[in-house]
Ligand SMILES: [Zn+2]
């Protein structure tokens, strides 16, 4: 294949640029509201335990985990892990993050459809990520086998599908978080919109990841799909 300027590479750069912007935005928003201490004086860990208890999730264990923003809920182990930086903080940002993770536990309790679909897609997506490139390459190697190329493109698209399904899961967890923080009076009326800002910023990174993924899939389709590839 002779060297040529591939203009579709611009799609990758656009994806990188918006992801970089989102990452900077979430960092700055998080650090801003990490400095805002909640007036109630509860730690993120206190708030999280309280939310789990009032949500009939007393059986979910609350544990610590090393690192920064490594907070997550694990449905298999029935455990919610809060990072060192989140756990003992009384900041609006940390409380927002902890409540968001509790939101995932509530989704699990309710058998929330998108969460189930997302879990089911994990192995499929992993397979797609491993197999897509070799199959696409094989298709190109075999004189442009349309079947193999299309299978390769389809496997690449699985990552995009996974990221699209992630969006409602993340937005819904934040919605649940804000609702319960308000209902249980765990943040003041002034602090609620601040926690919301932190969670919206975090959600933005999922949106930009999906856009970046869409752009890279689009690029592959432009290059290899629909008989447009160069032979
Ligand atoms: Zn989440």
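Just so you know, all these numbers are worked out from the coordinates, no wet-lab data involved. Being a predicted model, the structure only gives us computed values, none of them experimental. Using ideal geometry, Cβ is built from the backbone for each residue, glycine included, and neighbour counts are taken over all protein chains shown.
Taking Cα centroids, how far is the range 39-55 from the range 176-231 in Å?
26
Using only the alpha-carbon atoms, how far is helix 44-54 inclined from the longest principal axis of the chain? Give it as 0 to 90 degrees, nearest 10.
90
At 7 Å along Cα-to-Cβ for each site, give me the label-to-label distance between residue 28 and residue 185 in nm.
3.7
Using square roots of five times the C-alpha gyration tensor eigenvalues, list the equivalent-ellipsoid semi-axes of the chain in whole Å, biggest first.
After scaling each eigenvalue by five and taking roots: 41, 20, 13 Å.
Starting from the Kirkwood radius over alpha-carbon pairs of the range 34-138, derive D by Stokes-Einstein at 25 °C in a medium of 0.890 mPa s and give it in µm² s⁻¹.
Taking Rh from Cα pairs, D becomes 162 µm²/s.
Okay, helix-only estimate at 222 nm for the chain: each DSSP H run of n ≥ 4 adds -39500 (n - 2.57), divide by all residues, round to 500 deg cm²/dmol; what do you get?
Per the formula, -24000 deg cm²/dmol.
Relative to the longest principal Cα axis of the chain, at what angle does helix 92-109 sit, 0 to 90 degrees, rounded to 10?
The answer is roughly 70 degrees.
Helix 113-141 versus the longest principal axis of the chain: what angle, 0 to 90°, nearest 10, using Cα atoms?
Roughly 20 degrees, rounded to the nearest 10.
Normalised radius of gyration for the range 117-198, please: alpha carbon Rg relative to 2.2 N^0.38 Å, two decimal places.
On the way: Rg = 20.7 Å, N = 82, 2.2 N^0.38 = 11.7 Å.
For the range 117-198, the normalised Cα radius of gyration is 1.76.
So, by mean Cβ neighbours within 10 angstrom, what's the order for 83-89, 31-37 with the highest one leading?
83-89, 31-37
How do the peptides 128-141, 40-53, 210-223 rank, highest first, by the average count of neighbouring beta carbon atoms within 10 Å per residue?
Going by the mean number of other Cβ atoms within 10 Å, highest first, we get 40-53, 210-223, 128-141.
Looking at the chain, send over the antiparallel percent of its DSSP beta bridges, to the nearest 5.
Once the DSSP bridges in the chain are tallied, antiparallel ones form about 45 percent.
For residue 66, put the label point 7 Å out on the Cα→Cβ axis and report which residues of the range 75-101 keep their amide N under 14 Å from it.
In the range 75-101, the label zone of residue 66 (backbone N under 14 Å from the point 7 Å along Cα→Cβ) covers 83-85.
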